[in-house]
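Here is the structure we will look at.
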Amino acid sequence: MSTPSPLLVSLRPTGVLVLAAFATSGALITGCSEPAVSLEPPPRAAAAPTTPVATEPRTAAAAPTTPTAPTTPTAQTTSAPATAAVPAPGGVLPASATLPDTAGTPGAHAAHAIHAGGSGEAAPPDTAGGPRIYSKARFAWINAAPRPSKGWLGYLGLGGSVRVRGGSLEAARVQGSGCDAWYAVEPVGYVCAGAGASVDPDDPAVAALRRDAPKIDSPWPYQYAESIDAQRYPTLPTREEQRRKEWDHAAHLEKVAQARAAKSDEEIRAIDKHLVGVALQPTGLPQPELFSFGGLVRESRPRVVQGSTIAYTRTFDADGRSWALTSDQAIVPLDRMKPYPRSAFQGVWLRDGVSLPLAFIRKKDRPTYRRTDAGTFEPTGKDLARLSWVGLTGRAEGEGKERYLETKEAGVWLLESDAAVPEAAQKIPFTKPAEPGSPPRKWLEVSVLGGWMIAYEETTPVFATMISPGRGGIPTEGVPAIETAATPTGTFRVDGKFRTATMVSSTNDLIVHSEVQYVLNFSGPHALHGAYWHDGWGEPKSGGCVNMSPIDAKQIFAWTDPPVPEGWHGMRAITEMGRSTVVKIHR
């Protein structure tokens, strides 16, 4: 990954949202994606084999430049913290699970998926393994040497912390420049204790941010929603402030009141189509203690435009309205957010008797076929569920223009065009033989037109899944891939890993995909990453990146090299951090 610059790549006419470096403002540009247009809940994910989600590896690391840090937070309210025992996001849906039910009380169907209050109190500090340094900023840089530098190795995120080296704060503290107190951190690098970080676990900013830290043990580190032109408030606004900031405030709240009384989604749609899928009912959760943070924590954008996305940590009621607390501690009206259903799709680990060839069912339920006595194919009357997978024998037969694949269930066939069929590579992308005794080299193979991905250890396929590549397919010769929403083809390497990263348009920083999960940069602005805003696996959906389901993204992030060190939120995959996973992308 090249030295970061303050350049924000623009939102192209094709609707590509691109990110490729760290801006001086602290926005991480790392990947590309289609704008999150208004979505009805997607079709329910079909049954598929349950695969355990991998735990994040805890290993080697690196470090960046010293930001100016947040002011010490001051409480906005002394309200009692919320105590409702409603879980925050993070439960992994098994592959056989369905997305949140949309039946029942209109306007309430989304509520059960998003109302999370937590305790409202900070979690106890993590002091296991010795003293730590705690982030007080979106980016608490880990530098290669105890001095400010653009040659950062990694960073800590909001609510994050890392152990210091040497077993004590005294042993970890070193002399340096540009900071009064540098600390050596595990496993490598230095963090400046000051505005952006603290060694005091009871620092008010540290405690407040720890309470709302991302759930990095989950495929969904945050809760996510589509913005309905939501205003972002730095503090809980008065009604007068709401009227001043929200141009349609009175009319909007009147529609919300009407929609709450509606008896069906059709009635809500007649009132305002944008309110279908919005959590209209009160959360029932009390207001937690809220704090004022400076620019190192909260991004400066005043609102999130229609179709952009919001990442948030908790919801609550206050002053007659329901609210969400965003990942960067802004306050957003819950009635201007449409939570995304969670995709239950995941690929399959090739073990315990599961092997290639296999097929994933795309787009919708698909019929199966059998051979007649005349040798032709006819439907069996039984379907294969959308997003499920089935083992294949490797035998194929043609009939007219169609091609049928034989499944491992005796006498059952499927149409090849109804499925994504991963095909094992005939050669590996390494020119040198593996070093004797070294761990197996890892690489990813992506088929853009096939809509699939296989993970390998040397010559052995270990995982297969469907992905969503760029809407523009493969690049046109002489035209940058980003201009046509194509996915670049060739052989690359993972050059940056980020547990979450917000994608921002350079032409309009109100257009964002907030806290996109498990990002693996591989070529300029292009990345493999989770996509929480759609469920169209195997179909071209992105602005050029390789979209993975959230569960797959979590697993592949954990599996790929180099591993992100414990406590780090992001890292550059430089040589010193160890071997990097190769990414091979073809038609």
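A compact table of results
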| item | result |
| --- | --- |
| Relative contact order computed over segment 132-212 (Cα-Cα under 8 Å; 6+ residues apart), in percent | 37 |
| Peptides ranked, highest mean first, by Cβ atoms within 10 Å: ranges 423-433, 528-538, 438-448 | 528-538, 438-448, 423-433 |
| Two-site FRET efficiency, D126 against R579, from Cβ-Cβ distance with R₀ of 30 Å, rounded to 0.05 | 0.55 |
| Hypothetical label at R403: residues of segment 346-374 whose amide nitrogen lies under 16 Å (7 Å Cα-Cβ projection) | 357-360 |
| Sequence-separation-based contact order of segment 442-585, relative, with Cα cut under 8 Å and 6+ spacing, percent | 30 |
| Set of lysines near K427 by C-alpha distance (under 21 Å), chain-local residues within fewer than 8 positions excluded | K442, K584 |
| Rough spin-label spacing in nm, given labels placed 7 Å along Cα→Cβ, for A171 and T235 | 4.5 |
| Rounded FRET efficiency, nearest 0.05, which uses the C-beta distance separating K273 from K382 and R0 of 35 Å | 0.40 |
| Ranked by how many other beta carbons lie within 10 Å on average, peptides 340-350, 147-157, 405-415, 480-490 from highest | 340-350, 147-157, 480-490, 405-415 |
| Set of lysines near K408 by C-alpha distance (under 18 Å), chain-local residues within fewer than 8 positions excluded | K382 |
| Separation in nanometres of the label points that stand 7 Å from Cα toward Cβ, at V354 and T460 | 1.6 |
| Local electrostatic count, T309, Cβ distance below 9 Å [Lys/Arg +1, Asp/Glu -1] | -2 |
| Assigned charges on the beta-carbon of Lys, Arg, Asp, Glu; segment 223-339 dipole about Cα centre (debye) | 120 |
| Shape call, segment 223-339: gyration tensor on alpha carbons, a/c limit 1.5 | prolate |
| For segment 338-432: rounded, prolate or oblate by the Cα gyration tensor [a/c cutoff 1.5] | oblate |
| Cα gyration tensor category, rounded, prolate or oblate, for segment 269-336 with a/c compared to 1.5 | oblate |
| Label-to-label distance, nm, for residues given as V479 and K215 (7 Å Cα→Cβ offset) | 4.2 |
| Sites A251 and R587, calculated FRET efficiency, Cβ-Cβ separation with R0 45 Å, nearest 0.05 | 0.35 |
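Readers should treat all values here as calculations from the given coordinates under stated rules, not as data from a laboratory. Everything numeric in this text was worked out from a predicted model, so none of it was measured. Heads up, the Cβs are rebuilt from the backbone with ideal geometry, glycines too, and the neighbour counts pull from every protein chain shown.
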